[in-house]
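The block underneath contains the structure these notes are about, expressed in structure tokens.
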Amino acid sequence: AAAAGPVFWRRLLGLLPGRPGLAALLGRLSDRLGRNRDRQRRRSPWLLLAPLLSPTVPQVTSPPCCLCPEGVHRFQWIRNLVPEFGVSSSHVRVLSSPAEFFELMKGQIRVAKKRVVMASLYLGTGPLEQELVDCLESTLEKSLQAKFPSNLKVSILLDFTRGSRGRKNSRTMLLPLLQRFPEQVRVSLFHTPHLRGLLRLLIPERFNETIGLQHIKVYLFDNSVILSGANLSDSYFTNRQDRYVFLQDCVEIADFFTELVDAVGDVSLQLQGDDTVQVVDGMVHPYKGDRAEYCKAANKRVMDVINSARTRQQMLHAQTFHSNSLLTQEDAAAAGDRRPAPDTWIYPLIQMKPFEIQIDEIVTETLLTEAERGAKVYLTTGYFNLTQAYMDLVLGTRAEYQILLASPEVNGFFGAKGVAGAIPAAYVHIERQFYSEVCSLGQQERVQLQEYWRRGWTFHAKGLWLYLAGSSLPCLTLIGSPNFGYRSVHRDLEAQIAIVTENEALQQQLHQEQEQLYLRSGVVSSATFEQPSRQVKLWVKMVTPLIKNFF
């Protein structure tokens, strides 16, 4: 009953009037139920394998607020949780292809003068990845040889387990940079605190990555930022479709993500020039130290970044919009501030459940809960494995949904050796179960599944686009690393941004991005699962419920 409590409160909330007033109360009751349940669990690494023994009902925090139509836009409530960055839409550019993403990164590295910050799951080991490393080396070399040497710093954050896989790996790719530029280069390797003790000794390479990962994808060059779901690997530069947005000359946003990556880096292991790793002085070791103490310190380090940025932006907002002596745009220009008035707002959404940070989950659930009748939500994920909470919201709310997912042939695990080769079939099984639920509820007209297919390509795009009722263009998109699955919500470190815009040209960019992805898809029907390629072996059906929380 305690486990089901949060879901009960969320459903009760949907039936009662006066949502904004009740949300906080029901949320506190929901949190209390969840905390009591957590206290009853014994702290053991083996509990991480609990999903193998019984199904897990994820804790859901009730939405803290509703979508209010007052003010500049109806999504201003998000700034109660995270910093709000107002920018001109002219500084936002949506990219469309892996090649464009790769070339832009190289170009930005070459002209960087102050900082390059890159957070990814891993760095591949092929010639294209080496080309990226060579770009970094060349830029660092030029920074030292310049007539007035710049203080260029390079900070790279990767996952420890994925970045250490194999003899040639992300670490060996970056060691020459560390050895040659020890004062300018920092490589941090995040190690989940849940992989420790006997569990760490027993689980082999590759499988140890199922316990938890650093999954944030942020690529930052001086004051410009690329947010994406793409990793630093050759397929993501050539034929693996993802999403990418370039925020150009947005200094406050660049400062925020620099501080965020620094914070995660500080609670990670530091790669040394001899390929060993060390803990930052004064920090608890992630898998040798006390887990509760480590997670508490990590929570504080990350939340300090979020809260300090939120306070700064609130003060800026108050000065800009609520001062008794508001400046007109002409007055601001005369005073030397030539930045155009914002018509677009960026909200960084962070999810780090190991550290009890659940901002992205709260915002996503609120958006899904409050999407009104007539609104359209286009949701895409490379790995269709929605949490039960997200599935309940899709099936139980009023908006229309078009969900884009990978067909088995463009799944990243298609053709893989060993057990991993069965993962696409497991996703087919999950997809079929969800489709059957849609049909049993008579929701086929409101909730539609579509499968992406492109010869010679794989599919890794994730996020959503929200079209308000009566609108042919989206006013909000979510873009970043989360896949809307159990791993994204409960195991990994994730970050994405909500982009809210009133600018029609930017809305058109987002609409075209959505259309281009969905144009390469086919609608899922009952006939889809009758195809020979969709026949799922019995053992896969039996195992999928036991392991779905790990992929």
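Laboratory data are not the source of any read-out in this text; all were calculated from the coordinates shown. These numbers were taken from a predicted model, which means no experiment stands behind them. Every residue, glycine as well, gets a Cβ built from its backbone with ideal geometry; the counts of neighbours run over all protein chains shown.
A few points about this structure:
- Protection proxy ranking of 527-538, 293-304, 241-252 - average other beta-carbon atoms within 10 Å, highest first: 241-252, 293-304, 527-538
- Distance from the Cα centroid of the range 216-241 to that of the range 483-551 is 19 Å (rounded to whole angstrom).
- DSSP assigns beta bridges within the range 342-411; of those with both partners inside it, close to 25 percent run antiparallel.
- Across the range 451-468, rounded Karplus estimates of 3J(HN,Hα) from the backbone phi angles (6.51 cos²θ - 1.76 cosθ + 1.60, θ = phi - 60°) give 10, 7, 8, 8, 4, x, 10, 10, 10, 9, 6, 8, x, 8, 10, 10, 10, 5 Hz, Gly and Pro being marked x.
- Efficiency of FRET between residue 398 and residue 296 - r from beta-carbon atoms, R0 56 angstrom, step 0.05: 0.90
- Exceedance of the 27 Å cut-off in Cα-Cα distance is limited, within the set 168/353; 114/296; 106/168, to 168/353; 114/296.
- Sorting the segments 358-370, 271-283, 122-134 by their mean number of nearby beta carbons within 10 angstrom, highest to lowest, gives 358-370, 122-134, 271-283.
- Cα centroid of the range 121-179 to Cα centroid of the range 427-450, whole Å: 44 Å
- In this Cβ point-charge picture (+1 for Lys and Arg, -1 for Asp and Glu), the range 253-313 has a dipole of about 380 debye about its Cα centre.
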